[in-house]
1. I'd like the Karplus ³J(HN,Hα) series for segment 107-114: coefficients 6.51, -1.76, 1.60, θ = phi - 60°, whole numbers in Hz, and an x wherever there's a Gly or Pro.
2. With a ≥ b ≥ c taken as the square roots of the eigenvalues of the C-alpha gyration tensor of segment 125-245, please select rounded if a/c is under 1.5 and otherwise prolate if a/b is larger than b/c or oblate if it is not?
3. Calculate, in nm to one decimal, what Asp317 and Ala83 gain on full extension: separation in residues at 0.36 nm each, minus their alpha carbon distance.
4. Hey, what's the chain come to in accessible area per residue, 1.4 Å probe, Å²?
5. To the nearest 20 debye, what charge dipole does segment 118-177 have about its Cα centre, counting +1 at the Cβ of each Lys and Arg and -1 at the Cβ of each Asp and Glu?
6. Which pairs break 27 Å Cα to Cα here: Lys187/Lys223; Lys171/Lys263; Lys148/Lys235; Lys171/Lys328; Lys148/Lys263; Lys138/Lys171?
7. What FRET efficiency do you get for His94 and Ala121 if R0 is 25 Å and r is their Cβ-Cβ distance, rounded to the nearest 0.05?
8. Assigning unit charges at the beta carbon (Lys, Arg +1; Asp, Glu -1) and nothing else, what dipole magnitude in debye, to the nearest 20, does segment 254-360 show about its Cα centre?
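The values are calculated or read from the model by the stated rules, or taken from the named source; none is laboratory data. Worth saying up front: this structure is predicted, and the values here are computed from it rather than measured. Note that each Cβ is placed from the backbone with ideal geometry, even for glycine, and that neighbours are counted across all protein chains shown. What goes into the accessible areas is simple: the full protein's heavy atoms, side chains included, and nothing from ligands, DNA or RNA. Shrake-Rupley method; radii C 1.70, N 1.55, O 1.52, S 1.80 Å.
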Amino acid sequence: MSSADRVVLERLSRSTGAPHRRVVAAKALLALADGRSVRSTAAALGSYPNTVSRWRDRYLAGGVEAVGVIAPGRGRKPEIDGATVEAIVSDTLHTVPDDESTAWSTRTMGDRHGVGKDTVARIWKARNLRPWRVETFKLSNDPNFETKLVDVVGLYLDPPERAVVFSFDEKTQCQALDRTQPSLPMKPGRARTMTHDYKRNGTIDLFAALNIATGEVLHRTRKRHASVDVLGFFKWIDLHVPKDLDVHVVLDNLSAHSAPPVKDWLDHPKRARWHLHFTPTSASWLNLVEGWFAQLTNRRLRNRSFDSVAALTEAIDVWASHWNDDPKPFVWHRSAEQIIAKVRRGRATLDRVIKSATDH
C-alpha cells in the first residue's frame, strides 16, 4: 500500500458521511496493511473472511477508487420492477386520485400500484417529488419586463459610484393582534402555545428602505400609505443621504409612488440626484427589502401578541434598531441573463399547460 493510498484510506476510515460499507472496507485494508491476518481482521470488524478477501482483491485491482464499490450483479436486488417505479412517477406527475383529491398520498399511491407506502416514499425521495407541496408562482406580464429587470439587477450587481442605492417598499396592514388567553411557556417535549383566536387592535403601515451596500434600514410607521406618506418617507431618505451623493431607489409600481405630489417633488431641480428604478409588475421577488420584511415578520411579529398599535410600533422600532447595530446586506447573485433564461423556460412551460387545458 502506497503512502498516498494510506492517507486516503485513513481519512475514509474516520468519515461519518461516507457509506458504511466503504468505511468498514477502509478499516479492513488498513489492518491488512499493518500485518493482521484476514481472519483476525474479519473478526475485529464483525465481518467474514471471504468478504475481507474480496475487499483486498478489489483494492489490488482497482485502487482506492474501488473500495466499497458494489460489483455489478451483486448487492441488494430491487424490490419492485422498473416499470412499476416509472408508473408511480408518471401518476404522481400527471394524475390525481379517483376522488379528485389535489394530490396523491403514499398510501393511496401504494394501493393503486400494489406496493407499500414506504416504497412510494423512497421513490418520491429518490426522484425529488413532493406532491403535497404547492408554491406560489406567477410570471410577470409587464411588456417591459426584461428592460426593467436588467436595470434593477445591474444596479444590484454594479452600483454606481458616489451614490447610495436603496430598496424601498411598504409592508401594509401590519396587524396588532392580541390573543384571548396567555400562552403556555415552552418546556421539554412541548412547544410554546398560542390560542387559535385573537382580538384585532388596529393596523399600521411600515415604510422601509434597505441600503443595499451596508444592510442598514431606514424605516417609519404610518397610519396609511397614500402619496403624501410616500413623499414624507422620500424626504426622510433625502435627509439621511449626504448632499454630494446620488440617490437610487428600487421600488414597485404602486400608484402612490408616482402620484402628482411625489412626481412634482422629484421634478424639482434640487432633486436632480434622485433616480427611481421600477421593478416589473408581479416581481416583488426582485426587491431586496422584501427579505428584510420576511426577517422582521418571522423573528419578531409572527406568533407574538400586541395589545395596541403602539405596542406593535415599539416592537418594530426596537427590532429595527438592533438590526442596524449589526446590519447584514442582502447580496444579489443571479445575473439578468440567467433570470431571463429561466423566465423564458417558465413561460414556454406555462404556454404548453394552457394549450393542453384548452385542447381538452
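1. So the Karplus estimates, Gly and Pro as x, are 6, 5, 5, x, 5, 5, 10, x Hz.
2. oblate
3. Result: 78.3 nm gained on full extension.
4. Per-residue value: 62 Å².
5. 580
6. Over 27 Å apart, Cα to Cα: Lys187/Lys223.
7. Step by step, r from the Cβ atoms, then E = 0.80.
8. 520
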